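Scroll down for the structure; my scribbles are underneath it.
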Amino acid sequence: MVHYLAVAMLAASSAVTPATTEWQSDYGKALATTRSENRPLLIVLDAPETAVAADLLATEGPNAELLKSYELCHVDVTTEYGKKVAAAFGATQFPHTSIIDKNGATVLFKQPGAISADEMKTALTKFEKGEQPVAHTVGYRGNTVLGSQSGASYPAGCTACQRKAMGL
């Protein structure tokens, strides 16, 4: 009886162990995993000569904890497949870094060109939950910024609508 209990506890503890963070090169598979696991997708499109700094993408590096929240996809744009993925993203400058929401439907962040360590950490932190930030309506009265979270909005450039929305 004790043997069965020990085996059951061992099986339960190994089931809880998180999977290792790994980069994959197939965007379609990464997107499917994003949708099924409800995690945001970090995709890096680059070429060997324009690669993102390896330490920023290292699963054992400074961003390791943040990267665990993401499905990871790294595509070489010098291949035929990579060219198709780059075209789908409209990427023309490399490296190109994007974060897609946890539903696999909306690009939350994109950075064409080189990305610094601070920019990468900020983006990974901001979109870690894979959700869009809440939009806020902002108006002005003199030099004072008036913020509203009520969801009220008005056409950009319509000062009459802005005054009405702010109660002026």
- Hey, can you tell me all the residues within region 106-128 that are of a type in the set (Phe, Trp, Tyr) and in contact (Cβ under 8 Å) with a residue 60 or more places away in the chain? Phe127
- Taking region 62-102 on its own, how many of its residues are loosely packed, with under 14 Cβ neighbours inside 10 Å and under 23 Å from Lys129 (Cβ atoms)? 3
- Only one of these is over 10 Å from the mean Cα position of the chain (by Cα) and farther than 15 Å from Tyr27 by Cβ: Thr92, Thr125, Thr106, Thr79. Name it. Thr92
- Message: For a quick check of your reading of the model, give me the residue pairs whose first member lies in region 83-105 and is in the same structural domain as Pro40 (by TED's automatic domain parsing) and over 17 Å from Ala51 (Cβ atoms), whose second is of a type in the set (Gly, Ala, Ser) and surrounded by 18 or more Cβ atoms within 10 Å (Cβ to Cβ), with beta-carbon atoms closer than 6 Å and at least 6 apart or on different chains.
- Response: Asp101/Gly130; Lys102/Gly130
- Query: In this structure, does Gly130 turn out to be at pLDDT below 95 and under 28 Å from the mean Cα position of the chain (by Cα)?
  - Reply: yes
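The values are calculated or read from the model by the stated rules, or taken from the named source; none is laboratory data. Model, not experiment: these values are computed from the prediction. Heads up, the Cβs are rebuilt from the backbone with ideal geometry, glycines too, and the neighbour counts pull from every protein chain shown.
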